[in-house]
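Novice: Sharing a structure, written as structure tokens. Questions coming.
The values are calculated or read from the model by the stated rules, or taken from the named source; none is laboratory data. The model shown is predicted, which means the values in this text are computed figures rather than measured ones. With ligands, DNA and RNA removed, areas are computed over all heavy atoms of the protein, side chains included. Shrake-Rupley method; radii C 1.70, N 1.55, O 1.52, S 1.80 Å.
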Amino acid sequence: MKIVITCKLPNEAIESLLETYEVVMWEVENEPMPRKRLLEEIQDADGLFTNVADQIDKDLLAHANCLKVISTMAVGYDNIDLEEARKKGIVVGHTPGVLTEATADLTFALLMASGRRLVEGMDIIRQNKWKSWAPFFLTGQEINRKTIGIIGLGRIGLGVARRAKGFSMEVLYHNRSRNEEVEKEHDAKYCELDELLERSDYVVLLAPSTKDTYKMMGRDQFIRMKNSAVFINTSRGTNVDEDALYEALNSGEIFAAGLDVFDSEPIHSNHRILQLRNVTVLPHIGSAAIETRMAMARLASENLRNGLEGRPLVHQVK
Ligand code: GLV
Ligand code: GLV
């Protein structure tokens, strides 16, 4: 059987695949297999090892003549046309669980960097603009004892809630469904979205990308937030109306934002949001810890092998 791996991975992460299958792996580091090549390679592939940088859409799947399994090295799968895959009898696997803690760490790091203006501080030193200690120079927002509102209390959201407790924060959350067990265990309070936005000092978006969450953070939502509030997005850029976010940051409607994800990735350095002082941006690195990425690659390999050998996937997208 033939499998296509759309990104360059270290051999030790995919040993079991290399031993068993004919493997076509894209050989250039840090960039995805070009679409044209993928359209060719997919034609006679039995398995596809992908990630968030590829669009696994209807057009691509129309080229797949014998594809049985799509395995993405990611927890999110909004880049995959699930309905089309289902129609063609293709199973889809993903990698929840193994990236929860690393992504919660990165989310909290971005929260702290945004609230306390860390990156601005470094830029000032780099540009030789640091004149002296001064009473209100680079003052940001406190973190300890503040209120955090988590939108989307899945695994990663819970990881963020646990970290917030270590900073004596009050934890509010909004989710599709209420989870009273979690509320007790983590001392988190369920809120309607509007109330969460009004009360939170830090609003952290961790909802998956679906039809219901498309641009769920728009003008009305940013207006509800405090002028001192910080907005963090480590979920998907499509969950946010970027124009509305730009306006909210530019007009002082909110204090700052920390973003790891964008509507269109990679974001270009001349994007107007990057001209703002009060935005901290990262290149979609939520789960980018070495151990985590190795675990994700191994889990994605296992999903792929299980699927190709007719066994249940470790984590199948339903
Ligand atoms: C990354 O964004 C992922 O979904 O794992
Ligand atoms: C991801 O693992 C989530 O459910 O938050």
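Novice: Just the Cα atoms of segment 75-232: what Rg and Dmax do they give in Å?
Specialist: Values for segment 75-232 (Cα only, Rg and Dmax): 18.4, 65 Å.
Novice: Scaled to the compact-protein estimate 2.2 N^0.38 Å, what is the alpha-carbon radius of gyration of segment 21-75, rounded to two decimal places?
Specialist: Output field value: 1.06.
Novice: Here's something else I'd like to know. Give the carbon-plus-sulfur fraction of the accessible surface of segment 180-307 in %, rounded to a whole number; probe 1.4 Å, heavy atoms of protein chains only.
Specialist: Reported share for carbon and sulfur atoms: 46 percent.
Novice: Nearest 5 percent is fine: what portion of the DSSP beta bridges confined to segment 43-138 is antiparallel?
Specialist: 0
Novice: Along each principal axis of its Cα atoms, how long is segment 37-162 end to end? Whole angstroms, biggest number first, please.
Specialist: Projected onto the principal axes, the Cα atoms of segment 37-162 cover 66, 34, 20 Å.
Novice: Of all DSSP beta bridges located in the chain, what percent are antiparallel, nearest 5?
Specialist: Details: 1 of 40 bridges.
Within the chain, antiparallel bridges account for around 0 percent of the total.
Novice: Taking N as the number of residues in the chain, what value does Rg over Cα atoms divided by 2.2 N^0.38 Å take?
Specialist: For the chain, the normalised Cα radius of gyration is 1.07.
Novice: Mind checking which of 98, 281, 28 has the largest fluctuation in a GNM of the chain, springs on alpha carbons under 10 Å?
Specialist: 28
Novice: With no solvent and one point on each alpha carbon, what is the Debye value of log10 I(q)/I(0) for segment 174-318 at q = 0.12 Å⁻¹?
Specialist: -0.63
Novice: Kindly provide the helix-only [θ] at 222 nm of the chain, computed as the sum of -39,500 (n - 2.57) over DSSP H runs of four or more divided by all residues, to the nearest 500 deg cm²/dmol?
Specialist: Only helices count here, giving -9500 deg cm²/dmol.
Novice: Then there is this: Accessible area per residue for the chain in Å², computed with a 1.4 Å probe and the full protein assembly in place, what is it?
Specialist: Ligands and nucleic acids excluded, the result is 50 Å² per residue.
Novice: How large, in percent, is the carbon and sulfur part of the accessible surface of segment 55-137 at a probe radius of 1.4 Å?
Specialist: On the way: 2590 of 4480 Å².
The nonpolar share, carbon plus sulfur, comes to 58 percent.
Novice: Something else: Hey, what did the chain get for relative contact order, percent, Cα under 8 Å, at least 6 apart?
Specialist: Once divided by the residue count of the chain, the mean separation gives 18 percent.
Novice: Provide 142, 309 ordered by accessible surface of protein heavy atoms (probe 1.4 Å), highest first.
Specialist: 142, 309
Novice: First check a/c for segment 200-258, with a ≥ b ≥ c the square roots of the eigenvalues of its C-alpha gyration tensor; if it is under 1.5, answer rounded, and if not, answer prolate when a/b is larger than b/c or oblate otherwise.
Specialist: Taking the square roots of the gyration eigenvalues as a ≥ b ≥ c, segment 200-258 is prolate.
Novice: Still on this model: Springs between alpha-carbon pairs under 10 angstrom, Gaussian network model over the chain: which of 271, 186, 94 fluctuates most?
Specialist: Evaluated over the chain, the most mobile residue of the options is 271.
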